[in-house]
1. What per residue convex hull volume, in Å³, comes out for segment 76-131 when only alpha-carbon positions are used?
2. Can you compute the FRET efficiency between A113 and L148 using 1/(1 + (r/R0)^6), with r the Cβ-Cβ distance and R0 = 22 Å? Round to the nearest 0.05.
3. How long is the gain from E128 to T85 if the chain were fully straight, where each residue apart is worth 0.36 nm and the alpha carbon distance is subtracted?
Amino acid sequence: MTDQSTPQYGAPAFGEQPPAPPAPAKKKSTGKKVLGIVGIVVIALVIGAFKVGVREWFSAEDKTADAKAGDCLSALPAVAEGQETEASAEVLSCTDAAAAYTVLGRVDNQTEAQAQSPEVCAEFPETELAYRAMPESGPGYVLCIKPLDR
C-alpha cells in the first residue's frame, strides 16, 4: 500500500510548489574559446621565434652572403701573397670605422677549383684579395675586394 501524502515520482505534494529546476551548469565553452585562442597565439609565437632563430643561426655562418659591389667588409687577417687562411668577414657600412675592404665585384656559382683560379677576379682589375665562400654542399661565390680608401 502506498501512502497518499507522499509524492510519487518526484511530484509535489498537493498544494506545494514544484521545486525549481536546477540551474543550468555554467558553460565552459567561453573559457575554452579563450584558452584556444591563447594557445593558438602561443603556438604562432613559438613557430615564429623558431623560424627567426633558425634563420639567424644559418646566416650567422655566412655574414657576406648578400654582399655586392660597393659594399664594405670588416677587417680580415693578413695573408701573404699566394697563401690562404680561414677567415670570416661581415658586411658593414662603408662609414663604419671597422670597415676595411671595398667589394669590387662578386662572382657566383663557383666550384672550389674555379674559386681558386687566379683569373676568378680578372674582370675587376683593382682586386687585391679574393674572399671565397665555399659551402660544403655546392657552389659558392668569390668577392673580389681591395682595401677601403680612407
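Every number in this text was worked out from the coordinates using simple rules, so none of it is lab data. Everything numeric in this text was worked out from a predicted model, so none of it was measured. Neighbour counts are summed over all protein chains in view; Cβ atoms, including those assigned to glycine, are modelled from backbone coordinates with ideal geometry.
1. On the way: hull volume 5.9 nm³, N = 56.
Cα convex hull per residue, to the nearest whole number: 106 Å³.
2. With R0 = 22 Å, the Cβ-Cβ based efficiency is 0.15.
3. Details: separation 43, 0.36 × 43 = 15.48 nm, distance 1.53 nm.
Between E128 and T85, full extension yields 14.0 nm more.
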